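Colleague: Before anything else, here's the structure in question.
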Amino acid sequence: MRTKPATVVAIYPGSFDPITNGHLDLIQRASTLFDKLIVAILRNDEKQALFSVEERTEMLQEVVRDFADVEVASFNGLLVDYAAERGASVILRGIRAVSDYEYELQMALMNRRLRPEIETVFLLAREAHSFISSRLVKEVIRLGGNIAGLVPASVEGRLRRRLLGEPREP
Ligand code: PNS
């Protein structure tokens, strides 16, 4: 039988390219559930990212500054190996809609097969955030749409500069 660790560390992995208000809400809620939460950016991602891992780390750090016991990190290789290395017993993922379920189920079952001692825990996204994704936010801003309220203001500024070439505010 497994016993509860004295300190429950959870890892919230993802691309975070960039962080959205959906991610942020999940981080805020999860930070009250676990003793420590590590938000971990995947480094060796096959997807072409808009922001470098360093930029994404900075953006995350800016917005989680006020949350207790939340660390921003990045990892290479298998998520479960990184979780074990960091002493995490939980992998945290968010589910927005049924369409997320199949992909999440596959990952959770594979991760369980690789390291059964690590549990995947799912939190449901808030209804108001259930349509937000980093991919759509980038598409909307690129095409001139309004993304206010979908990402933190600091992230919106960075998106505007990167995708629309807007200058930095004085
Ligand atoms: O935000 P994303 O892109 O949906 O996050 C996907 C992520 C980073 C959680 C997933 O790609 C991952 O865990 N990659 C690390 C490599 C790994 O462990 N692969 C096997 C997962 S079953």
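The values are calculated or read from the model by the stated rules, or taken from the named source; none is laboratory data. It should be emphasised that the depicted structure is a prediction, and the values quoted were computed from it without experimental measurement. In this analysis, Cβ positions are derived from the backbone assuming ideal geometry, glycine residues included, and neighbour counts consider all displayed protein chains. Just the protein is used for accessible areas: all its heavy atoms, side chains included, with ligands, DNA and RNA removed. Shrake-Rupley method; radii C 1.70, N 1.55, O 1.52, S 1.80 Å.
Colleague: Could you list, in sequence order, all residues of segment 1-45 that are within 24 Å of residue 131 (Cα to Cα), within 11 Å of the ligand (Cβ to nearest atom) and charged (D, E, K, R)?
Modeller: 17, 45
Colleague: Hey, another quick one. For residues that are farther than 23 Å from residue 139 by Cα and assigned to a helix (DSSP H, G or I), tally how many sit in segment 18-61.
Modeller: Matching residues across segment 18-61 total 6.
Colleague: Take segment 111-120 and flag every residue that is near the ligand (Cβ under 9 Å from one of its atoms) and surrounded by 15 or more Cβ atoms within 10 Å (Cβ to Cβ).
Modeller: 111
Colleague: While we're looking at this one, here's another question. On the given criteria, is residue 76 touching a residue at least 24 places away in the same chain (Cβ under 8 Å), open to solvent by less than 40 Å² (accessible area, probe 1.4 Å) and either more than 18 Å from residue 39 (Cβ to Cβ) or out of contact with any Phe, Trp or Tyr (no Cβ under 6 Å at 6 or more places or on another chain) (or both)? Break it down into steps so the answer makes sense when it comes.
Modeller: Values: touching a residue at least 24 places away in the same chain (Cβ under 8 Å): yes; open to solvent by less than 40 Å² (accessible area, probe 1.4 Å): no; either more than 18 Å from residue 39 (Cβ to Cβ) or out of contact with any Phe, Trp or Tyr (no Cβ under 6 Å at 6 or more places or on another chain) (or both): yes.
Here the answer is no, as residue 76 does not meet what is asked.
Colleague: Then there's this: Quick one: would you say residue 154 is within 16 Å of the ligand (Cβ to nearest atom), touching a residue at least 40 places away in the same chain (Cβ under 8 Å), among the small types (Gly, Ala, Ser) and out of contact with any His (no Cβ under 9 Å at 6 or more places or on another chain)? Quick ask: steps written out before the conclusion?
Modeller: Numbers: within 16 Å of the ligand (Cβ to nearest atom): no; touching a residue at least 40 places away in the same chain (Cβ under 8 Å): yes; among the small types (Gly, Ala, Ser): yes; out of contact with any His (no Cβ under 9 Å at 6 or more places or on another chain): yes.
For residue 154, the condition - within 16 Å of the ligand (Cβ to nearest atom), touching a residue at least 40 places away in the same chain (Cβ under 8 Å), among the small types (Gly, Ala, Ser) and out of contact with any His (no Cβ under 9 Å at 6 or more places or on another chain) - is not met.
Colleague: Follow-up question, since we're still on this one. Only one residue in 108, 84, 88, 125 is modelled with pLDDT of 95 or more, more than 11 Å from the ligand (Cβ to nearest atom), of a type in the set (A, V, I, L, M) and open to solvent by less than 30 Å² (accessible area, probe 1.4 Å), so which one is that?
Modeller: 88
Colleague: Might you let me know whether segment 46-55 holds any residue that is among the basic types (Lys, Arg), touching a residue at least 40 places away in the same chain (Cβ under 8 Å) and either within 10 Å of the ligand (Cβ to nearest atom) or under 16 Å from residue 23 (Cα atoms) (or both)?
Modeller: Of all residues in segment 46-55, those among the basic types (Lys, Arg) come to 47.
Retained after the next criterion (residues that are touching a residue at least 40 places away in the same chain (Cβ under 8 Å)): none.
No; the residues of segment 46-55 include none that is among the basic types (Lys, Arg), touching a residue at least 40 places away in the same chain (Cβ under 8 Å) and either within 10 Å of the ligand (Cβ to nearest atom) or under 16 Å from residue 23 (Cα atoms) (or both).
Colleague: Additional query: Which one is nearest to residue 87 (Cα to Cα), of the residues in segment 2-33 that are open to solvent by 30 Å² or more (accessible area, probe 1.4 Å) and hydrophobic (A, V, I, L, M, F, W, C)?
Modeller: 6
Colleague: So, one more: Looking at this structure, is residue 39 of a type outside the set (Phe, Trp, Tyr), out of contact with any Phe, Trp or Tyr (no Cβ under 9 Å at 6 or more places or on another chain) and surrounded by 15 or more Cβ atoms within 10 Å (Cβ to Cβ)? Give the steps one after another, and end with the answer.
Modeller: Numbers: of a type outside the set (Phe, Trp, Tyr): yes; out of contact with any Phe, Trp or Tyr (no Cβ under 9 Å at 6 or more places or on another chain): no; surrounded by 15 or more Cβ atoms within 10 Å (Cβ to Cβ): yes.
Taking the combined requirement at face value, the residue does not satisfy it.
Colleague: Checking residue 167 against (1) in a loop (DSSP other than H, G, I, E, B); (2) surrounded by 11 or more Cβ atoms within 10 Å (Cβ to Cβ), which test does it fail?
Modeller: The one condition residue 167 does not meet is (2).
Colleague: Moving on. Taking segment 88-108, which residues are in a helix (DSSP H, G or I) and touching a strand residue (DSSP E or B) at 6+ places or on another chain (Cβ under 9 Å)?
Modeller: Those that are in a helix (DSSP H, G or I) and touching a strand residue (DSSP E or B) at 6+ places or on another chain (Cβ under 9 Å): 100, 101, 104, 107, 108.
Colleague: Given the condition closer than 19 Å to residue 12 by Cβ, open to solvent by 70 Å² or more (accessible area, probe 1.4 Å) and touching a strand residue (DSSP E or B) at 6+ places or on another chain (Cβ under 9 Å), answer yes or no: does some residue in segment 135-155 qualify?
Modeller: Checked segment 135-155: no residue is closer than 19 Å to residue 12 by Cβ, open to solvent by 70 Å² or more (accessible area, probe 1.4 Å) and touching a strand residue (DSSP E or B) at 6+ places or on another chain (Cβ under 9 Å).
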